[in-house]
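Engineer: This structure is in structure tokens; I'll ask about it shortly.
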Amino acid sequence: MGKKYDERHELSLDKIQEIFEEPAVLPKLQDYFRNIAGFLLLLEKIRVMVETGSYAQLCLEELQTYNHMLYQDILPESYDTCYGNPEFIVNEWKEEYASLLCVLYAEMRSGIPHAFEAKKKYLTILNELFLQVYGCFEDEDKPSYDNLKSIIYWYASDYCDVFLKRRIVEQINPKHSFAVDMILDSDLDDVRYLYQFGEYVSENTLATARHIASLPEETLQKMADVYTEGFRVGFVNNGKDLSIKNLVNIYYSLGFEKVIKLAIENFAKLGLKTAIFRTASSVITRKEHRNGYAGAIANPQYDYDHRYDQALFLDKKYTQRRLDVMKAVFDKRTKKAAGLAGPAVMETFGEKPFAPVAKKEALAYDDKQRQWVLEYDSKASILTNQYIKQKERSFTIVSYPVPEIGANFKEIFHEVIQINTLDASLYEVVQQKLIDVLDLGEYAHILGAKNNQTDLKVSLYQLENPDKETVFENCVADVNIPVGEVFTTPVLEGTNGVLHVEKVFLHGLQYRDLKLTFVNGKITDYACKNFDSVEENKKFIRDNLFYRHPTLPISEFAIGTNTTAFVFAQKYGIEEKLPILITEKMGPHFAIGDSCFSWNEDNPVYNHLNGKEMVARDNSISIQREEDPGKAYFQCHTDITIPYNDLQEISVVTKDGNKIILIKDGRFVLPGTEILNEPFDSETGESDGL
């Protein structure tokens, strides 16, 4: 960092020290500014210790103390009186600027990663933002709200080309290797390494790392091999050339470093370097859902409360500013961007399910801002695809439990490894029996059982050449691990009815009695019972499930065949804690948003067992991509599963009205698929065949 920033950094710290000792503001604001000043001084102390190497020498107890100091304010037990809690700060002060200072508080917390990566420049920028806002209160008892808002706006706008640029570069340039170096250079048998990342380390994180460290090397290698081989096979199965790529992104949660280290080595053998970037924390770069690597969530309610902080300053000009920065960054790095093969994702599950509290004090987008967000997401997606072409990249995703899942964690973990490595070739043969019948259908009819009110007719693509074409993809364990589904893109026209699930967790949020009504493939009505009022429930769905779109189309119909996973989930009573990655294989599932083939519709896909091309890759919305990609894509894809035991029937109806039943009362009844029922009849959920 240049001398200019060195001087600015020292000057900012001197002033922050003064504020910490004696803030010159109204008494009711003194604790707020002293709190943040103390936090920024703590970040500086840690930065210096990291830079000198002394932080890495601390004992476990000292490291845990620092970790707690960094996150203690937002932990659930402290959150009721935390300045990062919009409900508390707005009701405590009853001033217009309260929400703004709540956003400022959260933005100061985004400095934690910069301290651990010893990035003095970024800490200086945050320090100066804090001092600029403080100066307004130092000069006036009640400064102009518009002036305060302007400070935040120009901070975001002026430094967009610093923070957003770095965010993009971290994904396409392996030289930004903080996490990779940490994983490769640390003693992963000494859990002190966890505290060097700057992420929140919970008891759950610690127990995960200790469990992983206790596993035999061959088990760790098996986990890594499944993960990286799924990525490689994804390219093979989709006819894409991995040899033209040189980089892979890894997303994962802290605690799995020993597996990730082996995965890095595996990817290197495939000619791929690894880039591992941190989940974003700044209001400039933060997204509603995590992507990258991350520690534990200190308080999911805090994250939920701040998901729309950009509403403080978002306007059309700022939206365009972000797009301009994106384009400028990519324009200078076209070769690096083109080399990215895609993400390899290792998810975790088992954490306590989160049911958010909707707070009226939290910032929310107005109608114009919602439109700007949708516009940005659409244009950013199109822009990214120009440099990192979807038709040339792939992905893989696998999931493992964490200790918070319960007392049977070790047994559950062991069984998940088995589920993730089931023999795909056996499933492929059985799934083809389903596809052969589904290919005959005009539509599929799904009926719920007991309290499940699903009654949905899904219109199916009609084949022109059945000898060479198929409607469903025979999906085995490549990009989506574990094995077990056949899926298609439904025809929107003629897809009508109700999809209902009594309880489901989507993107970490719980939905109770979620009901979606489809007319010609588009959602026309929706409801849930999370909150007392109808409008609150609708807003919850619009914001979190529809991603602020007024409606979404049905984009996938699939039948999961992994009955082993279903019986396993029931055996341990963990159905509600499983990720969609596994639950989508445990019954029929339906996606809303973009299809599985978004940006890849023109790439031929073949089922390997019979060589037929899977031709149902488009619908009447996605086909608009050639004229207007903004109308063709929604930048979201959410799977919703009905478990087997909530199913009365899945049948296929042919053009001549012939009805063929595939599943009856939660059991596979189509001849040739009965083997899928074996786990239902086994106490362990295991069978000889599957």
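Engineer: Is the C-alpha gyration tensor of the stretch 58-117 telling us rounded, prolate or oblate? Criteria: a/c under 1.5 is rounded; beyond that, a/b larger than b/c is prolate, otherwise oblate.
Structural biologist: Cα axes put the stretch 58-117 in the oblate bin.
Engineer: Hey, how much of the P(r) for the chain falls beyond 48 Å, as a percent of Cα pairs?
Structural biologist: 16 percent
Engineer: Amide H of TYR400: which non-local residues (sequence gap of 5 or more, or other chain) have their own amide H closer than 5 Å, using H built in the peptide plane?
Structural biologist: When sequence neighbours closer than 5 places are left aside, the close amide H contacts are GLU347, THR348, PHE349.
Engineer: What number, rounded to the nearest 500 deg cm²/dmol, is the helix-based mean residue ellipticity at 222 nm of the chain, given -39500 (n - 2.57) per DSSP H run of at least four residues and division by all its residues?
Structural biologist: That comes out to -13000 deg cm²/dmol.
Engineer: I'd like to check one number: the per residue accessible area of the chain, probe 1.4 Å, reported in Å² as a whole number.
Structural biologist: 40 Å²
Engineer: Once whole DSSP H runs in the chain are found, which of them have Cα atoms spread over 30 Å or more along the helix axis and a mean Kyte-Doolittle score of at least 0.0?
Structural biologist: 27-52
Engineer: Could you point to the residue in HIS549, ASN67, THR638 farthest towards the positive end of the chain's charge dipole, with +1 and -1 charges on the Cβ of Lys/Arg and Asp/Glu respectively?
Structural biologist: HIS549
Engineer: Got the relative contact order for the stretch 294-387 handy, in percent, Cα pairs under 8 Å and 6 or more residues apart?
Structural biologist: Worked out over the stretch 294-387, it gives 57 percent.
Engineer: What figure in square angstrom, to the nearest 10, would you give for the accessible area of TYR97 with a 1.4 Å probe?
Structural biologist: 10 Å²
Engineer: Using Cα pairs closer than 8 Å and at least 6 residues apart in sequence, work out the relative contact order for the stretch 369-472, in percent.
Structural biologist: RCO, the stretch 369-472: 15 percent.
Engineer: Right, something else. Heavy atoms only, probe 1.4 Å: what % of the accessible area of the stretch 355-486 goes to carbon and sulfur, would you let me know?
Structural biologist: 49 percent
Engineer: Compute the distribution of all C-alpha to C-alpha distances in the stretch 556-657, in bins of 10 Å from 0, and list the percent of pairs in each, rounded to whole numbers.
Structural biologist: 13, 32, 34, 19, 2, 0
Engineer: Check the straight Cα-Cα distances from LYS360 and name the aspartates and glutamates below 16 Å, setting aside those fewer than 8 residues away within the same chain.
Structural biologist: Leaving aside aspartates and glutamates fewer than 8 places away in the same chain, those within reach of LYS360 are ASP80, GLU87, GLU92, GLU95, GLU96, ASP303, ASP305, ASP309, ASP532, GLU535, GLU536, ASP543.
Engineer: Something else now. Which of rounded, prolate or oblate describes the stretch 365-496 when judged by the alpha-carbon gyration tensor and an a/c cut-off of 1.5?
Structural biologist: rounded
Engineer: By accessible area of protein heavy atoms, probe 1.4 Å, what ranking do VAL486, VAL233 get, highest first?
Structural biologist: VAL233, VAL486
Engineer: Below 8 Å, C-alpha to C-alpha, sequence gap of six or more: please give me the relative contact order for the chain in percent.
Structural biologist: 11 percent
Engineer: Restricting attention to the stretch 384-480, which trypsin sites (Lys or Arg not before Pro) occupy a DSSP loop and are surrounded by at most 15 other Cβ atoms within 10 Å?
Structural biologist: LYS389, LYS450, LYS468
Engineer: Compute the Rg to Rh ratio over the stretch 123-215 from the alpha carbon atoms, using the Kirkwood formula for Rh, and round to two decimal places.
Structural biologist: Radius of gyration over Kirkwood radius for the stretch 123-215 works out to 1.18.
The values are calculated or read from the model by the stated rules, or taken from the named source; none is laboratory data. In this text, all values refer to a predicted model and were calculated from it rather than measured experimentally. No Cβ is skipped: glycine too gets one built from the backbone with ideal geometry, and neighbour counts run over all protein chains shown. Protein only, heavy atoms only, side chains kept; ligands, DNA and RNA dropped before computing areas. Shrake-Rupley method; radii C 1.70, N 1.55, O 1.52, S 1.80 Å.
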